[in-house]
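Accompanying notes for the structure given below.
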Protein chains: 2
Amino acid sequence: MEALDYHAEERRKAEFDVKEMKIVWAGSRRAYEISDRVARLVASDPVFQKENRTMLSRKELFTDTLKKVAHAWKRIIELRLSEEEGNKLMVFMDQPSFADLQWGMFIPAIKANGSEEQKAKWLPLAYKVKILGCYAQTELGHGSNVRGLETTATFDPHTDEFLLHSPTLTSSKWWPGGMGKVSTHAVVYARLITDGQDHGVHAFIVQLRSLDDLSPLPGITVGDIGMKFGSGAYNSMDNGVMRFDHVRIPRDQMLMGISQVTRDGKYMQSDVPRQLMYGPMVYVRQKIVADASTALSRAVCIATRYSAVRRQFGSQNGGPETQVIDYKTQQNRLFPLLASAYAFRFVGQWLMWLYNDVTQKLQANDFSTLPEVHACTAGLKCITTSATADGIEECRKLCGGHGYLSSSGLPELFAVYVPACTYEGDNVVLLLQVGRFLMKTVSQLGSGKKPVGTVAYMGRAEHLLQCRCEVERAEDWLKPHVLVEAFEARATRMAVSCAKNINKFPKQDDGFAELSADLTEAAVAHCQLIVVSKFIEKLQQDIPGKGVKRQLEILCNVYALSLIHKHLGDFVASGCITPEQGALANEQLRLLYSQVRPNAVALVDAFNYTDHYLGSILGRYDGNVYPKLYEAAWKDPLNETVVPDGYDEYIRPILKQHIRVARL
Amino acid sequence: MEALDYHAEERRKAEFDVKEMKIVWAGSRRAYEISDRVARLVASDPVFQKENRTMLSRKELFTDTLKKVAHAWKRIIELRLSEEEGNKLMVFMDQPSFADLQWGMFIPAIKANGSEEQKAKWLPLAYKVKILGCYAQTELGHGSNVRGLETTATFDPHTDEFLLHSPTLTSSKWWPGGMGKVSTHAVVYARLITDGQDHGVHAFIVQLRSLDDLSPLPGITVGDIGMKFGSGAYNSMDNGVMRFDHVRIPRDQMLMGISQVTRDGKYMQSDVPRQLMYGPMVYVRQKIVADASTALSRAVCIATRYSAVRRQFGSQNGGPETQVIDYKTQQNRLFPLLASAYAFRFVGQWLMWLYNDVTQKLQANDFSTLPEVHACTAGLKCITTSATADGIEECRKLCGGHGYLSSSGLPELFAVYVPACTYEGDNVVLLLQVGRFLMKTVSQLGSGKKPVGTVAYMGRAEHLLQCRCEVERAEDWLKPHVLVEAFEARATRMAVSCAKNINKFPKQDDGFAELSADLTEAAVAHCQLIVVSKFIEKLQQDIPGKGVKRQLEILCNVYALSLIHKHLGDFVASGCITPEQGALANEQLRLLYSQVRPNAVALVDAFNYTDHYLGSILGRYDGNVYPKLYEAAWKDPLNETVVPDGYDEYIRPILKQHIRVARL
């Protein structure tokens, strides 16, 4: 018996080898095989089902999460999964939980800040899950400005202990995931005070709860901060609030890898270069960029498949209506997002390379590229997360009314994704850092200090400031060097123009403050150039598989040209391209859409998502949307009874006119 | 005792009469007084409290909604509220419910489509709430394309009845609010079939449920379609699914105001002009635009107040940190939204005038302005709802991490608002209609047929196609005629350019299809011009109150100039302004932000929202944010117990290593 597949015709139309594209998407054949196997494993396990997640009350959802985590850990052991496989399993479980913090923040924080002795003591406890840890940095009053944290850790030389204390309401720890109800331990960030002197923010390991019964230890007030955006979504996480009332911890629970406090209360810095801490930061941001491509591709997969199922208008002679994916307005919104998902994927893969490169350089005490690497990773974090958050919502709108249903999966995807624009550095705050780095780069041009890495192009500023785009016909826009130069010229001109305007201010700081919005725009231009460049570089590699490279070339061009259209003001106002060239870019873009169209469904199949992971009736692999939407409706709790609760009390008296409710 | 007010200093700084601004915002002194009184009434009533709304399960939320509606109706009678006051009470109750459909759709549909006899029979039943009605148009398979609806109403001459039937799965009625669990009656849209002939979609009154016990009548399968975006939000509404299995209704329940079926099954059209149906449509869209300004202003109010409370970075010599509202990046995102809220308010007020104007013209059988009115109202619906949906989310991000908390009110505001981009005409579908209207207008230029109303400016196309913007210094951008001409030139040039490109196609329809994305952009340009023009016209009126007009002038300029910056590509590429003039617009915009800054809190106070209606701790009138956030956290159900449910089963065995969960 042949399986039902409403997309069969779409899949037949594809002009490339989908299996090979899956491997490109995954990064390697091995990565593909692991993902594929683990995703199916999770999808077939009844404990990991999540259809009813958005209908659960907060408490039910939380218990469900505890159950899933315990089951996941159990399966990882039973199946002897590798660390990579285990991580994948947690990813495909697709439910944020306290466990994310154990591996994602608690262990890395100890690795980054602990002494060798401390690592030897604490890491095994964490790895063996004899303790459950979280990362307690953010406070009610301070997020972006870490230096403004107020929690204190005061050394008491009499007892050789630190006293953790929350001196103000705003010093309450607020947001740390896992802290609200579960964590037994935390890496707590607090101001180190010895002998009345404030040494700034340092990290401490603090036990929060009893290992016997999980009750909070004396002096510690801790709880959950309450509901967050959406149903389901991040409400499975116990983001917490915590206050310390003079809580004592032994001196050796200050993480002393970088700074130390001696027995007699002397504060010392080790000779380990502080820059080493950048390594993990690059790793985290690389992960965020990779996650952006995952989240965006899920939304795009749902919207693309449903756009091929959905028909509306255009019926001729009683034939079927037009698939909405055939409308240019739909393609114009959807295909740039499809292209962005691929673009972010590849820039994420490149960031993985960058991380390894930086790690090697750091180990060789070469810190020369750090400012550039910092600016690049911070900036990529911003533009990919912002575009992904907006893109998910756009995909939801592209599904019309049904995108508003929880069963479309898109509302929850949006709600669970959007904090990425704020955590690990608020996007606007980070873009300003990128902007300042660009200003510094511009100011050093001609000084003999050559810009490196992703700003190397600025070494050609003289050319880029006066070059003219050579496009004469629409197809000229398909030349990679034309695209790159247009983006380089735009980024250079915006940065240089910003720098000039800042210099007009008597005080440079005032210039930075006044023109900060312009700075963020220059930063965006720079970061978009990076994504375009890395996509093009990817295409210079050998990519096997029939038609695979061709599809990626099309998507790369869609990505670049749609950005030119979107930011036409930047390109034209700075004279990088003429209005006519802008119009040709738009014309070429439309032609590209026609080339994407027959491959669209196959291009989202290449993400290789199971129906379980997608969690969307609209995005079902088989396209069997309407019967399943209909079926799912009846599972809503409201449909448990035919007549709704409250009828006797609130509706019947009105209809029976026992209560007069109108004046007629 | 003086009331706590962390915003006192901000309020002292205001340079205008806030009370007078409240009146301008409300539309009249009378409207202000009614709003103010009813809002306080609702805010002080314990039944209308909503703090815990996002924590309720679907069933609890639904029962809570029934209770609130019953209470609202009771209070309206007890207090002898006028219809206007009653409507306001429902607005400030701020919870979507089946009741919205009774007055918003069921009654208007009968008014618009019923014969005099039918109105006399059904309207009193509805007004007296002896029946509860909804509006059953959309189906699982058809939303935008109303002509594609599949439900049939076949006339049976033997019994003088219609048989309502759902011939396919996709013909299931899907989405109608109130239908899921409550409505006793519906206006059902179905294909009228007499004697084997399909006369297209018509409206029928169908009883769905027993008036005795609310059980569905025979042949009717009906239920709720399940959870929608967010927690709380639209989940208080029972959007429904319904199928008919040959359900019989008497012939006189076809709404026969416009078409009739006679006793012997003859189909007849009355001589009532069909155009009369446009009146209610203008009314509904005017309401949507007004609602957009309300939703956006709520979000802006929250973000503005919290931006004045929140401090981050910039502490000097141990002093307080900088209020985030003082950062240009914050102003650059927030103030254009503040300006948009006011702009949408005034264009909404103008639409109310337009509705009256159109109504008079229709009554005089003057249908000449209908195409223009249709295009204008459809287009304004699109740009205001899209900007509002995006704006609410932007306001949420402007609140940093805390905006992600349900207690900020912003997630629910977003979730409850976004369907406005889809209902009453999907925004992109509507924009295409506007685009087509513009193409028709362009094609008639020079034909002697003068464009009227909001496209009158196209009568000056010749001038607008070649005029040059006169701006030489930043302050030149403050001249109203300069702004209007720039927007007129842009809209004209985009429309004319589209028309030219479409004409290059051998078949015009292909041109429309291929260039549909360009058409929507031309439509947006036209609609933004309308908003700018109406704001400027408003300022030509007498506006009393110290400094009130001055503030509105500033906001009008912020609105217009921020659009020029955002759509710089349109303006520069079409040669309406030079890049240098674009830069001057940006410079002027920054200066305007400094003028808005001291008035920002007072400008959102002028919306006159109670803390109840705002429903946001971040947006509290008194600015007492942090203690209240802290207090609210403890009310989450997860905090009912110290140790979470599931500890014994899922956490303890791991920590006690009864289950090995790690490989070390």
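The values are calculated or read from the model by the stated rules, or taken from the named source; none is laboratory data. Computed from a predicted model, the values in this text were never measured in an experiment. We place every Cβ from the backbone using ideal geometry, glycine too, and count neighbours over all the protein chains shown.
Taking the condition under 22 Å from A:Gly232 (Cα atoms) and either modelled with pLDDT of 95 or more or part of a loop (DSSP other than H, G, I, E, B) (or both), does B:Gly401 pass?
yes
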Those residues that are part of a loop (DSSP other than H, G, I, E, B), away from chain B (no Cβ under 11 Å) and crowded, with 24+ Cβ neighbours inside 10 Å, I need them from region A:476-521; list them, please.
none
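What do you reckon, is B:Gly425 within 14 Å of chain A (Cβ to nearest Cβ), in a helix (DSSP H, G or I) and of a type in the set (Gly, Ala, Ser)? Explain how you work it out, then say what you get.
Working: within 14 Å of chain A (Cβ to nearest Cβ): yes; in a helix (DSSP H, G or I): no; of a type in the set (Gly, Ala, Ser): yes.
Answer is no for this residue.
Looking at region A:419-439, can you tell me whether even one residue there is over 30 Å from A:Pro176 (Cβ atoms) and out of contact with any His (no Cβ under 9 Å at 6 or more places or on another chain)? Spell out the reasoning first.
As a first pass, look at region A:419-439 and keep what is over 30 Å from A:Pro176 (Cβ atoms): A:438-439.
Filter again for out of contact with any His (no Cβ under 9 Å at 6 or more places or on another chain), leaving A:439.
Scanning region A:419-439, I find at least one residue that is over 30 Å from A:Pro176 (Cβ atoms) and out of contact with any His (no Cβ under 9 Å at 6 or more places or on another chain), so the answer is yes.
Which residues, taken from region A:487-531, are under 22 Å from A:Ala456 (Cα atoms), within 28 Å of the chain's Cα centre (by Cα) and among the small types (Gly, Ala, Ser)?
Step one: filter region A:487-531 for residues under 22 Å from A:Ala456 (Cα atoms), giving A:487-500, A:518-531.
Add one more test, that the residue is within 28 Å of the chain's Cα centre (by Cα), and what stays is A:487-488, A:490-492, A:494-495, A:518-531.
Matches in region A:487-531: A:Ala491, A:Ala495, A:Ala522, A:Ala523, A:Ala525.
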Please go through region A:163-188 and give me each residue that is out of contact with any Leu (no Cβ under 6 Å at 6 or more places or on another chain) and part of a strand (DSSP E or B), ordered by number.
A:Leu163, A:Leu164, A:His165, A:Lys173, A:His185, A:Val187, A:Val188
Look through region A:152-208, keep the residues that are in contact with a Cys (Cβ under 6 Å, 6 or more places away or on another chain) and of a type in the set (A, V, I, L, M), and return whichever of them is farthest from the other protein chains (Cβ to nearest Cβ).
A:Ala186
Could you please let me know if A:Gly133 is buried (at least 19 other Cβ atoms within 10 Å of the Cβ), under 20 Å from A:Arg251 (Cβ atoms) and in contact with a helix residue (DSSP H, G or I) (Cβ under 6 Å, 6 or more places away or on another chain)?
yes
Members of region B:301-328 found to be crowded, with 19+ Cβ neighbours inside 10 Å and within 14 Å of chain A (Cβ to nearest Cβ), listed by number
B:Ala303, B:Tyr306, B:Ser307, B:Val309, B:Arg310, B:Arg311, B:Gln312, B:Val324, B:Ile325, B:Tyr327, B:Lys328
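How about region A:546-591: which of its residues are among the β-branched types (Val, Ile, Thr), in a loop (DSSP other than H, G, I, E, B) and either more than 14 Å from chain B (Cβ to nearest Cβ) or crowded, with 23+ Cβ neighbours inside 10 Å (or both)? I'd like the intermediate steps shown before the answer.
First pass over region A:546-591, keeping only residues among the β-branched types (Val, Ile, Thr): A:548, A:554, A:558, A:564, A:572, A:577-578.
So of that shortlist, the ones also in a loop (DSSP other than H, G, I, E, B) come out as A:577-578.
Listed by number, the list holds a single entry, A:Ile577.
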For the subset of region B:21-59 comprising residues that are surrounded by fewer than 16 Cβ atoms within 10 Å (Cβ to Cβ) and within 14 Å of chain A (Cβ to nearest Cβ), which member is farthest from B:Glu412 (Cα to Cα)?
B:Val47
Would you please name the residue that is surrounded by the most Cβ atoms within 10 Å (Cβ to Cβ), looking only at residues in region B:630-647 that are assigned to a helix (DSSP H, G or I) and at the interface with another protein chain (Cβ under 7 Å from one of its Cβ atoms)?
B:Leu638
Scan region B:136-151 for residues that are surrounded by fewer than 20 Cβ atoms within 10 Å (Cβ to Cβ) and out of contact with any Gly (no Cβ under 8 Å at 6 or more places or on another chain) and report the count.
2
Within region B:440-465, take every residue that is small (Gly, Ala, Ser) and within 30 Å of the chain's Cα centre (by Cα) and give me the one that is surrounded by the most Cβ atoms within 10 Å (Cβ to Cβ).
B:Gly453
Could you tell me which residue of region B:125-162 is modelled with the lowest pLDDT, considering only residues that are among the small types (Gly, Ala, Ser) and either assigned to a loop (DSSP other than H, G, I, E, B) or under 14 Å from B:Ile205 (Cβ atoms) (or both)?
B:Ser144
Failed criterion for A:Gly448 (all others in (1) part of a helix (DSSP H, G or I); (2) modelled with pLDDT under 95 hold):
(1)
Go through (1) buried (at least 20 other Cβ atoms within 10 Å of the Cβ); (2) farther than 24 Å from B:Arg53 by Cα and name the single condition B:Ala112 misses.
(1)
Just checking, how many residues over region A:453-466 are out of contact with any Gly (no Cβ under 9 Å at 6 or more places or on another chain), touching a residue at least 60 places away in the same chain (Cβ under 8 Å) and on the phi < 0 side of the Ramachandran plot?
2
Is there a residue being surrounded by fewer than 24 Cβ atoms within 10 Å (Cβ to Cβ), in a helix (DSSP H, G or I) and within 11 Å of chain A (Cβ to nearest Cβ) anywhere in region B:378-386?
yes
Only one of these conditions is not met by A:Ala420: (1) touching a residue at least 60 places away in the same chain (Cβ under 8 Å); (2) over 30 Å from A:Ser307 (Cβ atoms); (3) more than 8 Å from chain B (Cβ to nearest Cβ); (4) part of a helix (DSSP H, G or I). Which number is it?
(2)
Hey, does region B:72-93 have a residue that's closer than 18 Å to B:Gly178 by Cα and over 22 Å from the mean Cα position of the chain (by Cα)?
yes
Within region A:219-276, take every residue that is aromatic (Phe, Trp, Tyr) and facing chain B (nearest Cβ under 9 Å) and give me the one that is farthest from B:Arg396 (Cα to Cα).
A:Tyr234
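State which residue is nearest to B:Val604 (Cα to Cα) when the search covers only region B:268-300 and only residues that are of a type in the set (Ser, Thr, Tyr) and crowded, with 17+ Cβ neighbours inside 10 Å.
Of region B:268-300, the ones of a type in the set (Ser, Thr, Tyr) are B:270, B:278, B:283, B:293-294, B:297.
With crowded, with 17+ Cβ neighbours inside 10 Å added as a condition, the list becomes B:278, B:283, B:293-294, B:297.
Details: B:Tyr278: 35, B:Tyr283: 27, B:Ser293: 12, B:Thr294: 11, B:Ser297: 7 Å.
My answer is B:Ser297.
Sort through A:Tyr135, A:Tyr234, A:Tyr189 and tell me the only one that's of a type in the set (Phe, Trp, Tyr), closer than 20 Å to B:Lys635 by Cα and in contact with a strand residue (DSSP E or B) (Cβ under 6 Å, 6 or more places away or on another chain). Give the steps one after another, and end with the answer.
Numbers: A:Tyr135 fails: closer than 20 Å to B:Lys635 by Cα; A:Tyr189 fails: closer than 20 Å to B:Lys635 by Cα.
That would be A:Tyr234, the only listed residue that is of a type in the set (Phe, Trp, Tyr), closer than 20 Å to B:Lys635 by Cα and in contact with a strand residue (DSSP E or B) (Cβ under 6 Å, 6 or more places away or on another chain).
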